[in-house]
Amino acid sequence: MKDMNSTVAVLGGGAAGFFGAIACAEANPRLTVYLLEKTGKLLSKVRVSGGGRCNVTHNCSSVAQLIQHYPRGAKQLKDPFHKFGAQDTVQWFEKRGVPLKTEADGRMFPVTDSSETIAQCLLDTAHRAGVRVLLSTNAERIEPLPGGGFALHLTGASPRVLPVQRLLVATGGLPKADGYNWLRALGHSVVEPVPSLFTFNVPSSPLKELMGVSVPVARVVLAGEKLEYEGPLLITHWGISGPAVLKLSAWGARRLHELQYTGTALVNWIPTYTEETLRQWLHVFRDDNGRKVVLSNPLFGLPQRLWRTLAEQAGVGTDTRWSELPAKTQNRLIELLLRMPLAVRGKTTFKEEFVTCGGIPLGEVNLKTMESRLHPGLHFAGEVLDIDGITGGFNFQAAWTTGFLAGQALSQPAAAG
């Protein structure tokens, strides 16, 4: 079994899988490291993320700041991020000839603005480290061996039984619980997967004609729930999107699933105002600008089309001047500016945004090494774990961190069985 004792395998050709395979091969060049991908494509999510630019990580100077962006796994990621955090990711890529840049909102991209730069860096680094990549190869069954290690029953392009000393599962998040049955067969439990990071469908939206209009800061609140988020908001032909909605969906993923993605989203278009301060401001404004036509003079930096729609919804007439605006109509306008109700009826998930919360519970994993507490030598990384972040590079950071720690542990001799 000498061959088995010097062989490890990684399941999954995504960000976490590649990072794990590379970390392992670089830490212990004497090992034979296999990376098995059941499809014919590698690093698919890396290639499409960030609109093809790849949002690699987020510019967080401290772990305390970083963990605030994980609806699930924040507390447990504290120590792993101390070992390999956002700054370590930046250095890792820079050391391999791929400098990153920081955008105004903190997201970090390769200076090339091309996700291919990141994908090629991972492919080249894996090749140099001697990682053996097998495409269209699926581990249909994982069989723990009596003396330690695992027999992988492979199907596809390379059908055979592959004995390995250690194994890293980095197969990503799956939309349905039965997709994890092969891990349940090993005795692991699974936290029910539900979608995270999605947009809201509003079929009866009065904003439908405003597709493409956006505001830099809006607050979205789910009526009757303790769920709200503030950030850029985009109006789409199906409803509302943008970071404010995507991040709200991540924090509320489980609750929204329970609600079957129905409810009322209350949009505050000018979150710097309270009702009191807004009324005071309008009182002064009306005194100074009474002759101005309400519809054609947008306020608060709102786009003209959005302002006009809100005013029309409030019942403002085409030629109504501020001095002529009835109190009742102004009250309705204030309500729409601060709490515009939109009836959410469903969600839309884009492929590149697709994230699930759920997977292998973190209590069943040693977070120092990402090793299973049930099977020595079995490790997990990436979205197969019950970890997910909001949009902004946080899911990739979790993949790099868990992949790196798992890969380092993978490079060590397995404990005797």
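Derivation of every value follows stated rules applied to the coordinates shown; laboratory data play no part. Keep in mind that this is a model prediction, so the values were computed, not measured. All Cβ positions, even for glycine, are placed from backbone atoms using ideal geometry, and neighbour counts span all protein chains on display.
The table for this structure:
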item: Pairwise centroid distance, computed over Cα atoms, of segment 261-337 with segment 165-182, Å; result: 51 Å
item: When each of Lys75/Lys247; Lys226/Lys347; Lys38/Lys83; Lys78/Lys347; Lys101/Lys368; Lys38/Lys176 is checked by Cα-Cα distance, pairs over 21 Å; result: Lys38/Lys83; Lys78/Lys347; Lys101/Lys368
item: Unit Cα scatterers, Debye sum, segment 28-90: log10 I(q)/I(0) for q = 0.12, 0.13, 0.16, 0.23 Å⁻¹; result: -0.49, -0.57, -0.80, -0.99
item: Net charge dipole size for segment 308-417 [Lys, Arg +1 and Asp, Glu -1 on Cβ; Debye, nearest 20]; result: 320 debye
item: Cα-Cα P(r), segment 70-169, percent of pairs per 10 Å interval; result: 12, 26, 29, 27, 6, 0
item: Dipole in debye (nearest 20) - segment 198-348, about Cα centre, beta carbon charges: Lys, Arg +1; Asp, Glu -1; result: 260 debye
item: Formal net charge of residues neighbouring Gln313 (Cβ-Cβ distance under 15 Å; K, R +1; D, E -1); result: +3
item: Lys/Arg +1, Asp/Glu -1 at C-beta; the chain dipole; positive extreme among Leu233, Ser411, Thr369; result: Ser411
item: Cβ-based net charge around Ser136, under 15 Å, with every Lys or Arg adding one and every Asp or Glu removing one; result: +2
item: Neighbour net charge for Val213 - beta-carbon separation under 13 angstrom, K R +1, D E -1; result: +2
item: Segment 133-272 pair-distance distribution - Cα-Cα, 5 Å bins, rounded %; result: 2, 9, 14, 15, 12, 8, 7, 8, 9, 8, 5, 2, 1, 0
item: Cα-Cα pairs of segment 198-348 separated by more than 23 Å (percent); result: 36 percent
item: Least to most buried among Thr348, Thr277, Thr356, Thr57 (fewest other Cβ within 10 Å first); result: Thr277, Thr348, Thr356, Thr57
item: Computed lengthening from Ala223 to Val194, 0.36 nm per intervening residue step minus Cα-Cα distance; result: 8.3 nm
